[in-house]
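Have a look at the structure below before the remarks.
The values are calculated or read from the model by the stated rules, or taken from the named source; none is laboratory data. No experiment lies behind these values; they were computed from the predicted model shown. Note: ideal-geometry Cβ built from the backbone for every residue, glycine included; neighbour counts use all protein chains shown. All accessible areas refer to the heavy atoms of the entire protein, side chains included, with ligands and DNA or RNA removed. Shrake-Rupley method; radii C 1.70, N 1.55, O 1.52, S 1.80 Å.
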Amino acid sequence: MKGTALKEKVMERIIIFDTTLRDGEQSPGVGFTVREKLEIARQLERLGVDVLEAGFPASSSGDFEAVRQIAREIKGPVIAALARAVPSDIKKAAEALKEAKRGRIHVFIATSPIHMKYKLRKDPEEVLRLAREAVKMAKEYCQEVEFSPEDASRSDPSFLYEIISAVLEEGAGIVNIPDTVGYSVPEEFGSLIRNIMKNVPTIKEATLSVHCHNDLGMATANSLSAIKNGARQIECTVNGIGERAGNASLEEVVMALKTRRDFFGFSTNINTSEIYRTSQLVSRLAGMPVQPNKAIVGKNAFRHAAGIHQDGVLKEAATYEIMSPSSIGLEREELVLGKLSGRHAFKERLKKLGFDLNALQLEAAFKAFKELADKKKEIFDEDLVFIVEEQTLQIPQIYSLEYIHIVTGNQVLPTATVKIRKEEKIFQEAACGDGPIDAAYRAIDRVVGLKVKLVDYSIRSVTGGKDALGEVMVKVQKEESMVTGRGISTDIIEASAKAYVNAINRLIYREKVRGKGVK
Ligand code: KIV
Ligand code: ZN
């Protein structure tokens, strides 16, 4: 009865503004290449986000280039570019957005006493003037302008009303209220939004947005509370990645609105069956594994361990499942392909997974698939995704692992011998270490001769079974640059070495293509 009534009512839509490529990239240790950003942007378009914040063009030449290429190619969502309230940032953002079908300049300046005094060293009058001038200037370049008073939740509410009224007067169409340091709690944040709606009458002609960080684990709750009180745009990231503890997570916000539409009464444009795939892609390219108990996309989110629960779910899924795995696209196609599969089946399967490869990429991916099928009898979708990504992202493989031999045991000093190819030359080195992986990394270091620090190492099995592919992710640092590398193999030592070599290639590539910036 309730469901029928809901179907008949046309629901107002909440605008989903994704900032995975901008605030998400501010996660410690994450740095996407331009190609990776494009790959994620294409998937976000499939997911159906309304606005895609592609980057902060003034922060680096890499960010500028990523925004420019995304604006050129991605025509579904509005493409947003971030800018401080300074003319050079606004010009850069406008330039990067030139080819966008629909672009948006997102201008921000801090408004809290603590930020104005210590960070900006400006008084409120000056901040107000800069905000006005910035929005006015951005409007000259771009029809759509969004304004964010940074650290809004710790700002003086009457100053907030004043600055919001001012930027609306200058033509801002969207005003975003950030809980920059994740300090708010839902009731309080909701009432801040309600008070803005009440005290700034002209806000009704614009869209009120929210941008919540997760320092106290309340980003999703705060965002939803804001919706209940008048906000109509939520800024969020896939898997909730972002600065410090991250941002409101897109999948949580969207699935809460969908699952509890009886309570919220809003819809979104998101094709929820693309959620799982998007989450996996972002996790891999960011080098940030999703925690198993993460709401919606964690690997345990739809698993039932207790006997009573399993019994209940077998009798009727709704006993313990408030949403179905298929609603987020979690439909395991268990066995996909094997050693005897041909090109046609391979190509068809890739198409179904959403990959459209050119003939050369397809041939390379098929070769990699056959090599894997020789080692592993069952090839799953996840295996295929890895193979294809290796072929399409095309980070120049300056170094590649040709050979690795390990001697280890509980009574011997672990020793590794590696052969590494660099262009046409093969280099061989050996080293001892605290364990086989440490030994392998020391041997690789000897060949490459770069001083890098291993910051993080994680391993997981990509698929089930004794012959599962092991995926190793590493983070390595050289001075200011931190990159992620990944390697897969049925042999975990080989996967570890490949991940390390991959990170080194990325480091070299990053240093070559990235300019120095303000971020
Ligand atoms: O958290 C924040 O305040 C931001 C702004 C730039 C919107 O990311
Ligand atoms: Zn933020």
Requested in this report: Those residues that are without any contact (Cβ under 8 Å) to a residue 24 or more places away in the chain and either assigned to a helix (DSSP H, G or I) or of a type in the set (A, V, I, L, M) (or both), I need them from region 418-458; list them, please.
Outcome: 430, 431, 445, 446
**Report entry** In region 26-50, the residues that are open to solvent by 10 Å² or more (accessible area, probe 1.4 Å), in a helix (DSSP H, G or I) and among the charged types (D, E, K, R)
**Finding:** 35, 39, 42, 45, 46
Query raised in the report: Which condition does residue 67 not pass, out of (1) in a helix (DSSP H, G or I); (2) surrounded by fewer than 22 Cβ atoms within 10 Å (Cβ to Cβ), if it passes all the others?
Result: (2)
Requested in this report: Mind listing whichever residues of region 51-64 are farther than 22 Å from residue 272 by Cβ and either open to solvent by less than 10 Å² (accessible area, probe 1.4 Å) or away from ligand 1 (no atom under 14 Å from the Cβ) (or both)?
Outcome: 54, 55, 57, 59, 60, 61, 62, 63, 64
Report task. Please enumerate the residues belonging to region 245-275 that are open to solvent by 10 Å² or more (accessible area, probe 1.4 Å) and of a type in the set (Gly, Ala, Ser). Result -> 245, 256, 265, 267, 273
Query raised in the report: Within region 493-513, which residues are crowded, with 19+ Cβ neighbours inside 10 Å and free of Cβ contacts under 8 Å to residues at least 60 places away in the same chain?
Result: 495, 496, 499, 503, 507
Query raised in the report: Does any residue of region 103-121 turn out to be without any contact (Cβ under 8 Å) to a residue 40 or more places away in the chain, open to solvent by less than 60 Å² (accessible area, probe 1.4 Å), assigned to a strand (DSSP E or B) and within 16 Å of ligand 2 (Cβ to nearest atom)?
Result: no
Report task. Quick one: which residue in 34, 67, 49, 10 is away from ligand 2 (no atom under 16 Å from the Cβ) and farther than 24 Å from residue 238 by Cα? Result -> 10
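Go through region 26-35 residue by residue and tally those that are touching an Asp or Glu at 6+ places or on another chain (Cβ under 9 Å) and closer than 16 Å to residue 288 by Cβ.
Within region 26-35, the first condition is being touching an Asp or Glu at 6+ places or on another chain (Cβ under 9 Å), and the residues that meet it are 26-29, 31-32, 34.
Now narrow it down to the ones that are closer than 16 Å to residue 288 by Cβ: 26-29, 31-32.
So the count comes out to 6.
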Query raised in the report: Quick check: is even one residue across region 83-102 open to solvent by 10 Å² or more (accessible area, probe 1.4 Å), among the polar types (S, T, N, Q) and within 13 Å of residue 22 (Cβ to Cβ)?
Result: no
Query raised in the report: Can you name every residue in region 277-316 that is over 28 Å from residue 487 (Cβ atoms) and polar (S, T, N, Q)?
Result: 310
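Do the conditions hold for residue 295, that is, is it in contact (Cβ under 8 Å) with a residue 40 or more places away in the chain, assigned to a loop (DSSP other than H, G, I, E, B) and within 16 Å of ligand 1 (Cβ to nearest atom)? Please lay out each step first, then the result.
On the way: in contact (Cβ under 8 Å) with a residue 40 or more places away in the chain: yes; assigned to a loop (DSSP other than H, G, I, E, B): yes; within 16 Å of ligand 1 (Cβ to nearest atom): no.
In short, no.
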Report summary line: Of (1) away from ligand 2 (no atom under 15 Å from the Cβ); (2) free of Cβ contacts under 8 Å to residues at least 40 places away in the same chain, residue 227 satisfies every one except (2)
**Report entry** Scan of region 232-251 for residues that are more than 16 Å from ligand 2 (Cβ to nearest atom) and within 16 Å of the chain's Cα centre (by Cα), ordered by number
**Finding:** 251
Query - Where a residue in region 48-72 is under 16 Å from residue 107 (Cα atoms) and its partner, wherever it lies, is outside any strand (DSSP E or B) and of a type in the set (Asp, Glu), with Cβ under 7 Å and at least six apart - result: 55/63; 56/63; 57/63; 58/89
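Of all residues in region 178-202, which are within 16 Å of ligand 2 (Cβ to nearest atom) and within 11 Å of residue 229 (Cβ to Cβ)? Before you say what the answer is, go through the steps one by one.
Of all residues in region 178-202, those within 16 Å of ligand 2 (Cβ to nearest atom) come to 178-184, 189.
The answer is 189, and nothing else.
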